[in-house]
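Only the coordinates and a few stated rules stand behind these numbers; no lab work does. Note that this is a predicted model, so its numbers are computed, not measured. Using ideal geometry, Cβ is built from the backbone for each residue, glycine included, and neighbour counts are taken over all protein chains shown.
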Amino acid sequence: METRKVYKSGGSTFVMSLPKKWVTRNKITEGDSVFIRELEGSLNISASKIDKKTAKSEIKANDLESSEDLTLLIISHYLVGYNDITIKFDEGKRLEYKKHIRDVTRFLMGLEIAEEYEDRVILDVVLDQEKIPTLQALKRMKLIIKSMLKDTKEAIKEKNLLLAEDIITRESEIDRLYFLIVRQLKSAVRYQETAERLGIHEQREALGFRLVVKSFERTADHIENLIKNYITIASEDLELTTPLEMLDNTLKIFEDSTNSIFRGDQKLASATFKELKEIKEQYHEASDLIFAKELSRPTAIKYKGMIDSLLRIAEYSTDIAEIAINMSVVVP
């Protein structure tokens, strides 16, 4: 941290110098403007120029231990904001690496293969992330998850395996939105101009939304796990009344918690903690039924996995509600 002296210029203007390294790195010249945002007890100064065309990176795949590491590295470069990613590799491994590159483009929104050669692949982000405000993307995630929960109940009640399979496919869209929103939030923290275009007005909003989007992603994962467990035991004649009742309450607590975060409703958020207690009671009741029914070990494990996922979804919902309460409190 640097200390800078403040000087008075004229009758009422206070000035200070900017660090030379920062000015050089951001290519600021005389006459340029900078953005100033007042925070809690501090000022945030950011460059007015965001040269997205220069956001290029290069990955040398041969330096990595495995092609799986390449997938993780591409995701990392996407999340921090690179728009042009070149992956270089030996010709002998090009098929292996290209397969992983194509796979990763399927769940990173806007990432496309722009050019392809024998020894390298160039990826471009063709989506303007600022055209999808973060709050809008979060609400889209919420609606997809809500539809997944509602259809999960119908699939189990009607023993509709086609619907169950369709629910699983929706989880990939949640992943795509998750990575997009994380990319947005990382950019919003760095650039005030980007934050404002994304509808983020305070840094604590970015932190709160980061926690919410992770809870959304984990919720979708548990819906997928629940459905996969159900599919394996769907042919068995099991009484699933309690899990269906848990699903009703889980859908309600998810709806209440997400509404509380979007509306800033403390009362609605607080109500979810009572709802969680009721779901926990249903969970213990359903767990006892597993032993009472004397199910086979594989079936009992799948059945238990279903109700475990429902409990975890409910707990993630109260995590969201807690964030809603924290974000709704006025900062002193």
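Points worth noting:
- Exceeding the 24 Å Cα-Cα cut-off - candidates 56/88; 150/293; 20/88; 159/277; 159/293: 150/293; 20/88; 159/277
- More than 14 Å apart - percent of Cα-Cα pairs taken over the stretch 52-129: 55
- Cα-based Kirkwood hydrodynamic radius, the stretch 7-47, one decimal, Å: 11.9
- Fewest-first ranking of 109, 246, 16, using other Cβ atoms within 10 Å as the exposure measure: 16, 109, 246
- Cut-off under 5 Å, modelled amide H: who pairs with residue 86 long-range: 57, 58, 59, 123
- Estimated 222 nm signal from helices in the chain, with DSSP H stretches of n ≥ 4 weighted -39500 (n - 2.57), rounded to 500: -21500 deg cm²/dmol
- Rotationally averaged projected area of the chain (alpha carbon convex hull; nm²): 22.8
- Each of 328, 187 was scored by other Cβ atoms within 10 Å of its Cβ. Listed from fewest to most, they are 328, 187.
- The alpha carbons of the stretch 172-324 give a radius of gyration and a Dmax of 18.2, 61 Å, in that order.
- Size of charge dipole - the stretch 48-187 - debye, nearest 20, with Cβ of Lys, Arg +1 and Asp, Glu -1, no other charges: 840
- Kyte-Doolittle mean at least 0.0 and Cα axial length at least 30 Å: DSSP H helices in the chain: 161-190, 297-328
- Cα point-scatterer Debye curve for the stretch 162-241, base-10 log of I(q)/I(0) at q = 0.15, 0.20 Å⁻¹: -0.63, -0.86
- Positive-end residue, the chain charge dipole about Cα centroid, Cβ charges, pick of 253, 326, 272: 326
- Assuming charge only on the beta carbon of Lys and Arg (+1) and of Asp and Glu (-1), the dipole of the stretch 78-121 about its Cα centre is about 200 debye to the nearest 20.
- Looking at the stretch 284-332, the GluC sites (Glu not before Pro) that sit in a DSSP loop and have at most 11 other Cβ atoms within 10 Å of their own Cβ are 294.
- Dimensionless Rg ratio for the stretch 95-248, taking C-alpha atoms and the 2.2 N^0.38 Å reference: 1.27
- Kirkwood hydrodynamic radius of the stretch 144-188, Cα pairs, Å: 11.6
- Within the stretch 52-129: Cβ-based charge dipole about Cα centre, in debye rounded to nearest 20 (Lys, Arg +1; Asp, Glu -1): 200
- Annotation note: trypsin sites (Lys or Arg not before Pro) in the stretch 79-165 located in DSSP loop regions with a Cβ neighbour count of at most 14 within 10 Å are 106, 159.
- HN-Hα J in Hz across the stretch 122-131 - Karplus 6.51, -1.76, 1.60, θ = phi - 60°, x for Gly and Pro: 10, 9, 10, 8, 9, 9, 7, 4, 6, 7
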